[in-house]
Every structure is written in structure tokens, then in C-alpha cells.
Amino acid sequence: MNIRRPATLLVASALIIALFPACLLAGSVDIPAADVWRALTGDATGRPVWGVIVRDIRVPMAVCAALSGMALAISGLLMQTLFHNPLAGPSIMGISSGSSLGVALVVLAGIGGGAAIGAATLVGALAGALAIMTLLLAMSVRVRSAAMLLIVGVLIGYLSSSAISLLNFFAPQQSVHAFVLWGLGNFTSVTPAQLPLFAALSLLFSALSAFYIKALDALLLGERYAANSGVSLPRVRRGIMFVSGALTAIVTAWCGPIAFIGLAVPHIARLALGTSRHAWLLPATALAGAATGLLTALLSVLPSAWGILPVNAITPLLGVPVILYIILNGRKIAYFN
Amino acid sequence: MLELRNLTVGYDGHAILSPVDLTLSGGIAVLIGANGCGKSTLLRTIAATQLPVEGHVIIDGCDMHATPLRRTARMMSMVFTDRTIAGDLTVGEVAALGRTPYTNVFGRLGADDRAIVSDALRAVGIDGMSNRKLATLSDGERQKAMIARALAQSTPLIIMDEPTSFLDAASRIDTMHLLRSLRDDHGKTIILSTHDIAPALAVADTLWVVDRTTRTLVHGSRDTVLASGVMDRVFSSPSVRFSPSALDYR
């Protein structure tokens with residue numbers, strides 16, 4: 001067996017194991033490791049406020065970051081394979097913008113109850129993501145070129161942004177403030193009470209993606225070969241787009257439209273593994289996505305005294321170099337040729 | 001084994017060829033005709049990826065357009081004209097994708113599947129390249145990998161839509177020899193659409209010629225169709241004259 005493949009999964013797992021406690025230790029309040037452990041184990045001998053910080057703020061943030069990274073990375077991988085386009089991803093192809101528009105309709109226009117992040121924003125984000133995915137799918141029938149389809153996605157993203165700007169213009173100031181903060185991206189907006197729902201939804205849809213491993217592999221040779229292999233293209237397209245859109249929507253509803261994780265992480269996983277076979281690529285992407293989410297969360301709290309950096313200020317720093325490397329070395333990278 | 005019953009192919013209810021009735025019980029059928037005459041439409045309809053305007057495609061008693069896709073995938077495999085970009089899969093992994101109709105939801109290969117894939121690679125003569133990335137192969141070797149994928153699909157019928165169009169002359173002839181071996185050594189029935197008339201006629205048992213002027217498919221044994229004069233009608237022009245005697249390619 002090729003040693004690179006299990007080694008990649010081990011390294012990604014080791015990164016998660018290292019980064020998760022680091023996220024619990026880092027923050028504006030210095031809490032000794034022993035007290036973090038006490039807070040986690042429910043030992044009441046530590047300072048009560050430290051227990052609250054660890055259990056109610058840092059643990060939900062770390063779990064949210066790991067699951068968001070995993071969900072976005074899987075979503076990006078599904079889109080890259082489905083559209084046969086290495087530059088596809090939830091942020092580039094307008095899916096995040098569609099989710100944002102759905103959330104804007106709830107938060108800014110007050111449809112479905114108003115400003116709080118909850119069930120209505122989740123439904124809004126999901127509806128927005130699926131609407132854009134459906135539109136892209138319909139366009140993909142007529143627009144055969146992957147590059148042109150990417151441009152269509154970017155244009156759809158602009159249209160969503162335009163609609164969001166209009167909603168912003170007419171919305172009350174308080175709603176605009178809440179929406180702008182949400183749009184910067186953060187992993188702290190999942191409350192301890194919401195965490196089980198967030199975790200259940202992101203894990204459920206991540207797990208569902210595993211049922212498309214065979215179809216995704218068949219799609220690597222193109223849609224005609226996939227159809228000849230017995231893959232029902234309409235059913236598989238609908239299923240993959242629903243799972244991919246749902247993963248993006250779940251994260252976007254709570255954490256804002258987070259860029260670059262979905263685009264860059266599948267490439268990191270492919271380069272590390274040396275294969276596009278999804279039985280390896282899907283778990284590697286999921287683990288690398290979780291590790292990237294945790295790394296982003298850790299970097300976001302490093303300024304400590306100045307507060308928490310917006311996630312979208314960090315993800316381009318991690319993602320853009322990867323994408324530039326991919327573009328500049330396309331001829332040497334086997335999966336482009 | 002393959003039966004076309006009153007098969008009318010076309011788009012949106014409009015026929016582009018007159019109804020076809022024929023039976024193909026084995027060997028290599030070579031489909032030829034000018035560009036845009038409906039060859040690919042006919043192949044897509046036979047392969048059940050396009051609905052017929054009318055009529056039926058029957059393989060071993062099953063109507064292809066009323067059979068679940070997973071089952072049709074066990075009856076016919078395809079090789080397309082394009083230069084396949086297959087991610088960074090190895091030749092062995094590409095051939096293994098031929099087992100897709102037989103594997104579980106995660107595409108896991110059993111011991112039997114692995115043996116079939118190895119046999120397919122050996123039959124095509126690229127078993128020594130199993131661990132090489134498809135991206136590192138020449139165009140001819142790539143197309144052999146796609147033929148190995150089709151062979152690993154274990155179907156009685158293989159449909160090839162202009163599989164040699166981007167290959168150099170040596171690879172084109174090499175591919176024709178390979179098709180002959182698939183017919184003779186593996187008992188495959190092959191439908192080959194091609195513009196490489198000379199090497200294809202050298203391996204053809206049956207000829208299907210699309211006559212665009214009459215919108216008919218002329219079919220029959222190689223020698224009968226050659227003698228019928230249809231080739232002259234389809235391929236000759238004031239400056240070009242089709243000559244069967246020039247096809248001494250065996």
C-alpha cells in the first residue's frame with residue numbers, strides 16, 4: 001500500500017489533536033492548562049469564571065471551528081468533482097453568497113422572524129444555497145466550459161451581493177450592524193445550547209457525502225463515463241448538490257460566509273495523498289478541513305487583548321497561497337493533466 | 001444479441017435517420033459516415049443515454065431504454081473519443097472504475113474484481129503500467145487504459161465512438177489490432193464509429209454506413225456493403241473517388 005495515504009490521515013488527525021487543546025488554552029484570559037482540564041472534567045476546585053470561559057466559550061468555538069472547516073472542505077471537494085473544476089468552491093461559485101442572501105432576507109428584511117441567528121436564518125441560508133446550486137446546475141447544461149461556469153458562479157455571487165446591498169440600504173441600523181458582524185465570519189456565534197444541533201447537522205451531512213464516494217470516483221473520468229458506469233447523473237447531481245449546499249448553508253447560517261477553506265483544503269488533501277480516489281480524499285479533506293478550521297480559530301484569538309479577529313481576515317492568508325501554488329504549478333500537478 | 005427494432009433516432013421527436021432494423025450477433029461492426037450524419041446520435045441511442053424517437057434497442061432480450069442504468073452498465077461499455085483527464089488516478093485505478101456497476105456504495109473492490117481488472121490490463125498490454133499515473137502516459141496508452149476500463153466492465157458489447165481520432169498513425173493501427181484481439185480472444189462484440197476507414201475496414205466483420213443523402217443506415221457484411229456502391233455515394237466527390245481496392249490494409 002502507498003504509505004502516503006495513511007500517513008496523510010495520521011498527520012491530519014495529529015494536527016487536530018494538537019490544535020484542539022491549543023484553542024482551549026489560547027484567548028484573552030490566561031488560563032493554566034491544569035485549570036482548563038479541571039473545567040473540562042467538571043472539577044469545581046478551579047475559578048468558576050474560568051470554567052465558564054472554557055466550557056461556554058472556548059469549547060463551543062473549537063468544536064464549531066473544527067466542524068465548520070470540515071463541512072466547508074467537504075462541500076468544496078464535492079463541487080470540484082461534480083463540476084470537474086479545480087477552482088470550484090462554495091465561496092467562488094456564489095453558494096456562500098446565496099446563503100448570505102437567505103440570511104439577509106431573515107436578518108435585514110425581517111422575513112421569518114428577524115435578527116437572531118437560529119432556525120429562520122438556517123432555513124434562509126439553506127434555501128439560498130440550494131437556489132444558487134440549482135441555478136448553477138441548470139446553467140451547466142448549457143454552459144459546458146468549466147471556466148465559463150465558474151464565471152457564471154462569480155456573476156451569480158455579484159447578483160446576490162447586489163441584492164444584499166439593497167437590503168442593507170433599506171434595513172434598520174441595528175439589523176445592518178448585526179448582519180455586518182455576521183458577514184465578517186466568526187466561530188463564536190454557536191451557543192452551547194445550539195452546539196448539539198450544529199454538530200448533529202454538520203456531522204449528518206458530512207457523513208451523507210460518504211454515500212457518494214463511488215459516484216464521485218466515476219465522475220473523475222467525466223459525466224459520460226460515469227453514466228456508462230451505471231451512475232444516474234440526474235439523481236447523483238441533485239444529491240451531491242443538496243449535500244454540498246446544505247454543508248455550506250449550515251456553516252454560513254451560524255458563522256457567516258467563510259471564504260477559501262472550501263476552495264483550498266481539497267487541494268491540500270489531494271497533494272498530500274497523491275490520489276483523487278474519494279475513499280481516501282474524502283476523509284483526508286474532512287480531517288484537513290477540521291485542522292484548518294482549528295488553526296483559523298487559534299490565529300483569530302492570538303491578538304488576545306484586542307479581541308477576536310474576523311475569520312475572513314485569516315482564511316485568505318491560508319487559502320490564497322495554496323490556490324496560487326496550484327495555478328502556478330498546474331502543469332506539474334497530475335490531477336490537472 | 002443486439003437487436004435494433006424499428007429504431008428511429010433524432011432530437012425532440014424529429015428523426016434524423018430512417019427507422020433501422022438489424023441484428024448484430026457478434027464480431028466488429030464498423031459505423032462510418034460523414035461528419036454530422038448522425039453516427040454519434042445513433043451510438044448514444046444504442047447506449048441508452050439518449051431516448052429514441054421511436055423503436056427499441058434490445059440486448060439479450062432486454063429493452064435498454066426500459067432497463068435500470070446499473071443493469072445496462074453490465075451489458076455495454078463505452079470508449080469515447082476525448083483525451084481523458086482523470087485526476088491523478090493510476091492506470092490500474094482507471095481500469096478499476098470499470099467495476100463500478102458491480103461494487104458496493106463505497107466502490108470497494110473484491111478479490112474477483114481485482115483479478116478481472118488485472119486481466120483487462122494484461123489483455124490490453126498495459127499491465128506493466130498499472131501503477132503509473134494516467135497523466136504520464138502518451139495519448140495512445142491513455143486510450144488503451146480507457147479500453148481496459150471498458151473491458152473490466154465485463155460487458156458482452158463494447159461501443160467505441162471515434163476512439164482513435166486524436167491518436168497518431170501507429171497508435172491507430174495498434175488500436176485496431178487490439179480490437180481484433182478483443183473479438184477473437186475475449187469474444188467481445190464491438191461497435192466502432194470511426195473516420196479511419198482503411199484500418200477499420202481491415203478488422204470489420206459488419207459495416208454500418210450512414211448515407212446522408214437518403215438518411216438511411218446501410219448495413220450488412222463488410223464485403224456486401226463494399227460491393228453495394230454505398231461507399232462511393234457517401235465518400236466520393238468530384239475530386240475524391242472511393243476505391244475498395246485501395247483498402248489493402250490487412
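Within segment A:184-209, being under 30 Å from B:PRO68 (Cα atoms) and either crowded, with 18+ Cβ neighbours inside 10 Å or within 7 Å of another protein chain (Cβ to nearest Cβ) (or both) holds for A:PHE205, A:SER206, A:SER209. Kindly indicate whether any position in segment A:85-96 is in contact (Cβ under 8 Å) with a residue 24 or more places away in the chain, in a helix (DSSP H, G or I) and in contact with a Pro (Cβ under 8 Å, 6 or more places away or on another chain). Yes; the residues of segment A:85-96 include at least one that is in contact (Cβ under 8 Å) with a residue 24 or more places away in the chain, in a helix (DSSP H, G or I) and in contact with a Pro (Cβ under 8 Å, 6 or more places away or on another chain).
Surrounded by fewer than 19 Cβ atoms within 10 Å (Cβ to Cβ), part of a helix (DSSP H, G or I) and not hydroxyl-bearing (Ser, Thr, Tyr): is that true of A:VAL236 in this structure? The answer is no for A:VAL236. Checked against (1) surrounded by fewer than 19 Cβ atoms within 10 Å (Cβ to Cβ); (2) within 14 Å of chain B (Cβ to nearest Cβ); (3) touching a helix residue (DSSP H, G or I) at 6+ places or on another chain (Cβ under 8 Å), A:PRO310 passes all but a single condition, namely (2). Counting only strands (runs of 3 or more DSSP E) wholly contained in segment B:146-237, the ones carrying 3 or more residues that are touching a Ser or Thr at 6+ places or on another chain (Cβ under 7 Å) occupy B:157-161, B:216-221.
So in segment A:253-306, with the set limited to residues that are without any contact (Cβ under 8 Å) to a residue 40 or more places away in the chain and either in a helix (DSSP H, G or I) or within 15 Å of the chain's Cα centre (by Cα) (or both), which one is farthest from the other protein chains (Cβ to nearest Cβ)? The extreme case among them is A:TRP306. Hey, among the residues in segment A:210-246 that are of a type in the set (D, E, K, R) and within 9 Å of chain B (Cβ to nearest Cβ), which one's farthest from B:GLU93 (Cα to Cα)? Among those that are of a type in the set (D, E, K, R) and within 9 Å of chain B (Cβ to nearest Cβ), it is A:ARG224. How do the strands (runs of 3 or more DSSP E) wholly within segment B:20-78 filter down when requiring 2 or more residues that are within 11 Å of chain A (Cβ to nearest Cβ): which remain? So the answer is none; nothing clears 2.
May I ask you to verify whether A:MET93 is modelled with pLDDT under 90, aliphatic (A, V, I, L, M) and surrounded by fewer than 19 Cβ atoms within 10 Å (Cβ to Cβ)? No; evaluated as a whole, the condition is false for this residue. Name the residue, out of B:ALA86, B:ALA96, B:ALA111, B:ALA120, that is under 18 Å from the mean Cα position of the chain (by Cα) and either among the small types (Gly, Ala, Ser) or within 9 Å of chain A (Cβ to nearest Cβ) (or both). Only one candidate qualifies: B:ALA120.
The values are calculated or read from the model by the stated rules, or taken from the named source; none is laboratory data. Worth saying up front: this structure is predicted, and the values here are computed from it rather than measured. In this analysis, Cβ positions are derived from the backbone assuming ideal geometry, glycine residues included, and neighbour counts consider all displayed protein chains.
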